[in-house]
Amino acid sequence: MSASLTTGTRRRTGDLVFAGGTRVASALILVALAGVAVFLTVEGLPAVDAPADKLGGAGSLAAFVWPLLFGTLLAAVIALLIATPLSLAVALMISHYAPRRLSGPVGCLVDLLAAVPSVVYGLWGIAFLGPRLGPVYAWLEQHLGFLPFFAGPASSSGRTILTAGVVLAIMALPIITAITREIFAQTPRLHEEAALALGATRWETVRLAVLPSARSGIVSAVMLGLGRALGETMAVAMVLSATSGVVTLNMIGTVNPSTIAANIANGFPEATGLGVNALIASGLVLFVITFVVNFAARAIVVRSGRGAPG
Amino acid sequence: MNRTSLRRVAAPSVVAIALGMGLSACGAANETDASADTSNASSDTLSGTLNGAGASSQEAAMAAWQAGFQIAHPDVTVNYDPIGSGGGREQFIAGGTAFAGSDAYLDDEEGELSAAAERCGTDPIEVPDYVSPIAVIFNVDGVEDLQLSGETLAGIFAGSITTWDDPSIAADNPDVELPDTTITAVHRADDSGTTDNFTAYLEAAAPSVWTHGEVGEWPLQHGEAAQGTSGVVSAVRNGSNSIGYADASQAGDLGVASVKVGEQYVGPTAGAAAKVLEVSPRVADRSEVDLAFELARDTAESGAYPIVLASYLIACQTYADQQTADLVKGFLTYVVGAQGQVAAAESAGSAPLPDALREKALGIIETISAR
């Protein structure tokens, strides 16, 4: 009797401590986030009146940030266009196609990709991928040059925004794959068996049972991948041959827009005075964009979650 | 099961490694103690911490100087923050550092010279301490040697010369078979002293072709951009038919172009770089202790290489306390002196100052004192 009572109280103290701990942890996140937002706003605001020589020659702060924002979004879109189908295919193969003996190691390998530091991806992009993509770009320019994306002149060293996008795609791939494969694995067994029982092939089962129930999970996985692509600094700073103030759809030339994160990393060491404020203001824009993207993703997840079966 | 056995193996080995490192650290600590004892025996009056900040171009040389000076004076710590020339001058003027390194001499365009004089109480000292040639590096299939005149070089980087078999390049290289491929001109993406000095040369050598002035940040939306010296070198190496500019010590196995000076073509050697400083006039209306030079980039002097980066040390003539004055004097004497210049040449590939100039600079540093 007395023994069970003590365990009861002890459990209650434990509960209280644990609940308090989680509360503190989540409050800390909010404080940190608010701190970053306040810092970016306070330090970024003075840049509104920065002269052109502190803004890389741009006439106003908006004219300074816009090409960077364009480059950031372009690189991220390229990355996701490549990474999303690839990741879904890898995840499906791990969860549904590969024999168990193979799916474990493959999953492990994909997770390993996430552990490679971004500097290493940058080095790889400069020294390995870029030079090998150079001839591909020359081919694209020759045969698909009528498209604005491949207008050229093609870069021989391959340090273009398309290469940066490919590197970003490889960096986003393990994140998207890891999440989607967990979600595919959680497909209700009954749905799959029902589809199979109705005579569906494996691809039809995936299309009818697996993908619909995983839709919201796929969206949030892609959004996490997008977060990585938007914020990635080092790999882009190293790979991309960036020119300030450029807005172009040409993805294979030597003149490319920079991304916000890479531009901050490149510009900060030599920035002084209002130049620093301008960089921080561009950081604020990235912060806001990331927020907007996350909220949009959440909205999509909520809506599609409502519509999804079961 | 697998995981447990792994842990069983891993834990002891981690402990073993940690122990090993701890032991070796002890050994190292003992060694330094011993060496400190021996050098304390020699009469050494310098001690304390000396703080400086400034140009990152001097960083590699500064590391050699810090090491050399601290070995000679074990009680001294020299700190150098390579935050960039502008930041270094700013901190020096604000009184945060005892000396600054700068790729550009102080001028009064933004009131920096007056502000520095105000900080010091008297005119600030400026002495060149680091002269480094900037090489024009190239990677062109089948071309080993390349000669370029100022106009041609300016044309390539300004974008008016776009292929390697352009007649003006051919005129500079009568014996070389040039390919008909497109030129990829690589420039620095970041704000840099190297770009500043390179564009200053282009402006002086070919004012009609290079109309973009002397700038730290690349002014054109043309050509390929790369981050930092290493970025430019790797972009030139990995690209094809590419050309760029970088500190000569970093050129490695890449082709290095000779630049036309007078009627000759001169390569970026240390001697040729130092020679430019010899033929350059001092900046007008400066105090005796201000050794700022107007680099003669358009020189026709034979054997001089005009694309150089000359970096300065900025200090005060007088300091509030004796210790700082002694430290600055001691350190600057070492850096500008023969020993320091050789150390920089070995570690950073810079050009040692010409003898006459070195003596002059040492004479100025000699006057540093406490108020």
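Just give me the residues in the stretch B:88-100 being within 14 Å of chain A (Cβ to nearest Cβ) and buried (at least 22 other Cβ atoms within 10 Å of the Cβ), in sequence order.
B:GLY88, B:ARG89, B:PHE92, B:ILE93, B:ALA100
Taking helices (runs of 4 or more DSSP H) that do not extend beyond the stretch B:112-180, which have at least 3 residues that are of a type in the set (D, E, K, R)?
Values: elements: B:112-120, B:150-158, B:167-172.
Fully inside the stretch B:112-180 and qualifying: B:112-120.
Before we move on, is B:VAL283 in contact with a strand residue (DSSP E or B) (Cβ under 8 Å, 6 or more places away or on another chain) and at pLDDT below 95?
For B:VAL283, the condition - in contact with a strand residue (DSSP E or B) (Cβ under 8 Å, 6 or more places away or on another chain) and at pLDDT below 95 - is met.
Search the stretch B:103-139 for residues being modelled with pLDDT under 90 and within 14 Å of chain A (Cβ to nearest Cβ), and hand back the single one that is surrounded by the most Cβ atoms within 10 Å (Cβ to Cβ).
Taking the candidates together, the pick is B:ASP103.
Considering every residue within the stretch A:26-43, establish whether at least one is within 14 Å of another protein chain (Cβ to nearest Cβ) and either free of Cβ contacts under 8 Å to residues at least 60 places away in the same chain or part of a loop (DSSP other than H, G, I, E, B) (or both).
No, the stretch A:26-43 contains no residue that is within 14 Å of another protein chain (Cβ to nearest Cβ) and either free of Cβ contacts under 8 Å to residues at least 60 places away in the same chain or part of a loop (DSSP other than H, G, I, E, B) (or both).
Filter the stretch A:151-161 down to residues that are surrounded by fewer than 24 Cβ atoms within 10 Å (Cβ to Cβ) and either modelled with pLDDT of 90 or more or within 14 Å of chain B (Cβ to nearest Cβ) (or both), then give me how many there are.
Of the residues in the stretch A:151-161, 2 are surrounded by fewer than 24 Cβ atoms within 10 Å (Cβ to Cβ) and either modelled with pLDDT of 90 or more or within 14 Å of chain B (Cβ to nearest Cβ) (or both).
Step by step: first the residues of the stretch A:253-297, then only those that are modelled with pLDDT under 80 and part of a helix (DSSP H, G or I), then the one that is nearest to the other protein chains (Cβ to nearest Cβ). Which residue is that?
Step by step, filter the stretch A:253-297, then rank; the result is A:GLU270.
May I ask you to list the residues in the stretch A:265-282 that are hydroxyl-bearing (Ser, Thr, Tyr) and farther than 16 Å from B:GLY54 by Cα?
Once the filter is applied, which keeps residues that are hydroxyl-bearing (Ser, Thr, Tyr) and farther than 16 Å from B:GLY54 by Cα, the stretch A:265-282 yields only A:SER282.
Listed here are the residues, each with its yes/no results for (1) touching a Cys at 6+ places or on another chain (Cβ under 9 Å); (2) small (Gly, Ala, Ser); (3) touching a residue at least 12 places away in the same chain (Cβ under 8 Å).
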site	(1), (2), (3)
A:ALA50	no, yes, yes
A:LEU55	no, no, yes
A:SER60	no, yes, no
A:PHE64	no, no, yes
A:LEU68	no, no, yes
A:ILE94	no, no, yes
A:ALA98	no, yes, no
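Restricting attention to the stretch B:195-240, which residues are polar (S, T, N, Q), buried (at least 23 other Cβ atoms within 10 Å of the Cβ) and in contact (Cβ under 8 Å) with a residue 60 or more places away in the chain?
Across the stretch B:195-240, the qualifying residue is only B:ASN197.
Could you say whether any residue in the stretch A:109-131 is closer than 22 Å to A:VAL246 by Cα, surrounded by fewer than 20 Cβ atoms within 10 Å (Cβ to Cβ), within 13 Å of chain B (Cβ to nearest Cβ) and touching a residue at least 12 places away in the same chain (Cβ under 8 Å)?
No: the stretch A:109-131 contains no residue that is closer than 22 Å to A:VAL246 by Cα, surrounded by fewer than 20 Cβ atoms within 10 Å (Cβ to Cβ), within 13 Å of chain B (Cβ to nearest Cβ) and touching a residue at least 12 places away in the same chain (Cβ under 8 Å).
The values are calculated or read from the model by the stated rules, or taken from the named source; none is laboratory data. Worth saying up front: this structure is predicted, and the values here are computed from it rather than measured. Positions of Cβ are backbone-derived with ideal geometry, glycine not excepted, and every protein chain shown enters the neighbour counts.
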